[in-house]
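The values are calculated or read from the model by the stated rules, or taken from the named source; none is laboratory data. Quick caveat, the model's predicted, so the values are computed rather than measured. Positions of Cβ are generated from backbone atoms using ideal geometry, with glycine treated the same way; all protein chains shown enter the neighbour counts. Keep in mind that these areas ignore ligands, DNA and RNA; they rest on the heavy atoms of the full protein, side chains included. Shrake-Rupley method; radii C 1.70, N 1.55, O 1.52, S 1.80 Å.
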Amino acid sequence: MTDIVGRLSTALADRYRIEHELGQGGMATVYLAEDLKHDRKVAIKVLRPELAAVIGAERFLREIKTIANLQHPHILGLIDSGEVNGTAYYVMPFVEGESLRDRLSREKQLPIADAVRIATEVGSALDYAHRHGVIHRDIKPENILLHDGQALVADFGIALAVSSAGGTRMTETGMSLGTPHYMSPEQAMGERELTARSDVYALGCVTYEMLVGEPPFTGPTAQAVVAKMMTEEPRSLTIQRSTVPALVDDAVLTALAKLPADRFASAAEFGSALKGETSPGRPMTRARPLTRLDARSSSRRLAPRAVVVLGLIGLAAWGWLRPMGGDAVPDARRVNLVLPDSAPIEFVGEAAVGVGQTALAISPDGRSLVYVAGGTARPRLYVRPLDRFEATPLAGTEGAFSPFYSPDGRWIGFFADNQLKKVPSSGGPVTTLADAPFSTGGAWSTQGRILFLTKGGSELQQVSADGGRSERIANSPSASIKTLTFLPGERWLLCTAYANEGYYFLLARSVQRGEDRILVRHGTARPWQDGMAIPADALIGGTPRYDRHGSLLYTRGDGTLLAIGFDPERLETNGEQVVIAQGVRLESWSGHSQISLGGDGTLAYVTGSNTGVGPLAWLDRSGRLDTLPFPAANSLGTDIAPDGARAAVSVPAVSGSLELWIYDLRSGERQRLLSGLCGSEIRWTADGRAIYACLSGSGLVQVDPARPGQADTLTRATFYPSSASRDGRLLLLSSPLSDSMFVLPLDGQSAPQPVAYTTQGGAFQPDFSPDGHWVVYLGNAGGVFVEPFPITGEVYRISAQLEGDVPTWSRSGTEIVFPSASQFYSVAVHQGSPPRFDPPRLISTQRVAQYSGRPYAMAPDGRRFLMRVPTSEHSAGAVYLLLNGFLPESTPR
């Protein structure tokens, strides 16, 4: 900005002499200057460079001419405007006095007569402008100046000029036109075509604050304010200040109606109502309190819009000229980063790589962002410098996920095709560093090593950043790690982990000693213990990050991003947790979030739906899809009872736990059996009388629908049920900590035993043939395989070159079905010794939701498939940047 001031001073030297800066707002910096020709003080506002670059100085100056014609005693006029080296400026009279914000900060509440007079004067100015086709869009105490006690509305129409000149590109600047405490509901919803009633709402908020000392809706964050505004009714003024006349209370509450049609049609009507007069053309309406029935109806009507606001609009960027009191949002720049439409952020499904994966990372200097984009079938990496709007695809990174930068920012590490790779951040040849089957993430140390996770997070390895032989770090695989990042000194890794007992927790893992320290634990079967000063229900996954100021950032299961002071030497927290953002995107029910920290303190996070999977539906072989009215969306695992009459479904609850439900496929009746599952995989017993599942704290259990809420433990270890033999004697299992199959004799006397497999790299999702003599499974490196059972070494790959996923053997034993990419395939099985398998045949192009667990179940007659339907909500809503200095002052540093 210093260069801009210098160029401005030089260019305007014949007209104005700039003296000093007065302050900075969301769109401009204000300077005090002397008008040399007229010998008077003036205020020169200079558009922020990034704003001027987006909308164009010339376009802005053309639009501002409309405002220059506004002449009213309560409007601060426009004296001059111009452009200097691409930067627009405009000049206004300098008002000696104070703003309404200054007076409110000093007095908190104004005399009722003063408040009514100021509101009426502002309303008069607004009414004049509205009749000339200009909406202010940013009425707040900062923009109301008091000159000899009279109100002057400043920045009149500047927001309109910015919006008109910037068009849709305005969002790329990360700035929002409006201030959350005074923003109308329709403006918060992002509607661009605002009416006079939007300004009436804002003036109602200002009047409310003048009378009781605070705006009608407050909160610790901008999104909290907007959420309250969308879902709550303002408290009556007379309840808070008994001397406020009822007619003033009525007028203000009418101005604050959530629906524009319920407010005053003009600011003049509002002013007349404040003074007890009848407005021309419309009698004054009294705002009545909501009855209980009204409140419920209003909540139902507003809830969907509130969700949108929290997820998308509530996290938009707002700028402030000065702090707004004790519960104001800290002075930070929150930028909505618009990515190219041709490359929206995508997330690799859990079935493809084991867990939800990180999709973006910020460079250490905070100047660039790398993200995964280009479609779920074959995504690749894109690099976007934050000072530009274009993103560059990196050649050779097809299939990439979980990118991370080298400490110097010159390289980007990533995973693709079960390998760890690196590519220059500026583009260039891709180098393969190591095999990394089922990786869940990596971290690049300053010592030239890369630590990465394999086998679903159960194994931690390291390799030189130059490549070479990788080695396993000697520590016990007591937990499946989902994410990792270095703490200062690089002696400890900060991780999100999942343990055998069914707990998600924060873990500090020693890089050298093989020691684990649990920092936060979350589970349903045991009380929280061994932890920091964070509630037990605060974490389900989390993607923790350590900020350079000494704060631990982590995500709660409801999408809230929090910070708390953290000592990386003692591995202890201190102070109170602080909300940083809400509506953060979570990956499935595990709570893996999409956040990244740059070395300069810049934070990037992704908002949007955490669903990704829609309702249950029947898919027949003709391609017809019939959606079922199962009330709980987002089903993860499903299995059909042997009689075909019921389905068992695992569903994530709002609380974050995973629940087991029974759904009657004929009547539509449903029943919740159990909460607290530690895995989405569920299977009916061979006789259809019970369901196998994994329960947190209890291990592998059997659940009888006749006894909801109860479970019988089969083994205390954590195993996921895969397939029960038809005779009810054996149960095939998989483990979150191993790539082996296991078999459990159901005689109640034996423990699970690992099953040797012939293919290299692991076996997953095994399924018995109806006669129990064969098993089909998914290979770790891709492909569907069949082997005799018990395993003899004879193996058949039946998926040819198709990758394949989650195979199922038909009850007739004559067919194996599996999805591959976005299509369904069938393999005919011909009995014999050896058996013969036909080439895969396409039976449906219906895409199957990619998630952990079995995404579909075949009906006993083999004619239909019960499946989870993917939805477009699985993509991100938006990417936001919170620039350096985002942590509130109350956060320990």
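At-a-glance table
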| item | result |
| --- | --- |
| Candidates ALA222, ALA268, ALA246 - the one that is in contact (Cβ under 8 Å) with a residue 40 or more places away in the chain and farther than 30 Å from VAL578 by Cα | ALA268 |
| Filtered residues of the range 174-208 (kept if open to solvent by 10 Å² or more (accessible area, probe 1.4 Å), at pLDDT 90 or above and of a type in the set (D, E, K, R)) | ARG197 |
| Hits in the range 254-276 (condition: open to solvent by 30 Å² or more (accessible area, probe 1.4 Å) and closer than 20 Å to MET183 by Cα) | LEU259, PRO260, ALA261, ASP262, ALA265, ALA268 |
| Residue tally, condition in a loop (DSSP other than H, G, I, E, B), open to solvent by 30 Å² or more (accessible area, probe 1.4 Å), small (Gly, Ala, Ser) and at pLDDT 70 or above, over the range 819-877 | 2 |
| Pairs, first of a type in the set (Ser, Thr, Tyr) in the range 91-110, second part of a loop (DSSP other than H, G, I, E, B) and open to solvent by 30 Å² or more (accessible area, probe 1.4 Å), C-beta under 8 Å, six or more apart | SER105/GLY325 |
| Hey, GLY575 at pLDDT 65 or above, farther than 18 Å from ALA224 by Cβ and either open to solvent by 20 Å² or more (accessible area, probe 1.4 Å) or of a type outside the set (A, V, I, L, M) (or both) or not | yes |
| Criterion: open to solvent by 40 Å² or more (accessible area, probe 1.4 Å) and either modelled with pLDDT of 85 or more or under 21 Å from SER810 (Cα atoms) (or both) - qualifying residue of SER650, SER667 | SER667 |
| PRO385 being in contact with a Leu (Cβ under 9 Å, 6 or more places away or on another chain) and modelled with pLDDT of 90 or more | no |
| Residue within the range 780-788 that is at pLDDT 75 or above, under 23 Å from ARG726 (Cβ atoms) and aliphatic (A, V, I, L, M) present | yes |
| Number of the condition not met by ALA88 [criteria: (1) at pLDDT 85 or above; (2) part of a strand (DSSP E or B)] | (1) |
| Residue that is hydrophobic (A, V, I, L, M, F, W, C), farther than 19 Å from GLY86 by Cα and at pLDDT 85 or above, where the choices are ALA33, ALA13 | ALA33 |
| Residue match in the range 682-695 (condition: more than 27 Å from ARG811 (Cβ to Cβ) and either among the β-branched types (Val, Ile, Thr) or part of a loop (DSSP other than H, G, I, E, B) (or both)) | no |
| Which listed residue, of ALA129, ALA151, ALA125, is outside any helix (DSSP H, G or I) and modelled with pLDDT of 65 or more | ALA151 |
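Residues checked against (1) of a type in the set (S, T, N, Q); (2) part of a strand (DSSP E or B); (3) open to solvent by less than 20 Å² (accessible area, probe 1.4 Å); (4) modelled with pLDDT under 85:
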| site | (1), (2), (3), (4) |
| --- | --- |
| ARG17 | no, yes, no, no |
| HIS20 | no, yes, no, no |
| HIS38 | no, no, no, yes |
| LEU51 | no, no, yes, yes |
| PHE60 | no, no, yes, yes |
| LEU78 | no, no, no, yes |
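Per-residue answers, yes or no, for (1) modelled with pLDDT under 90; (2) open to solvent by 30 Å² or more (accessible area, probe 1.4 Å); (3) among the aliphatic types (A, V, I, L, M); (4) assigned to a loop (DSSP other than H, G, I, E, B):
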site: ALA706; (1), (2), (3), (4): no, yes, yes, yes
site: GLN710; (1), (2), (3), (4): no, yes, no, yes
site: VAL743; (1), (2), (3), (4): no, no, yes, no
site: GLY748; (1), (2), (3), (4): yes, yes, no, yes
site: PRO754; (1), (2), (3), (4): yes, yes, no, no
site: THR759; (1), (2), (3), (4): yes, no, no, yes
site: PHE764; (1), (2), (3), (4): yes, yes, no, no
site: ASP767; (1), (2), (3), (4): no, no, no, no
site: TYR777; (1), (2), (3), (4): yes, no, no, no
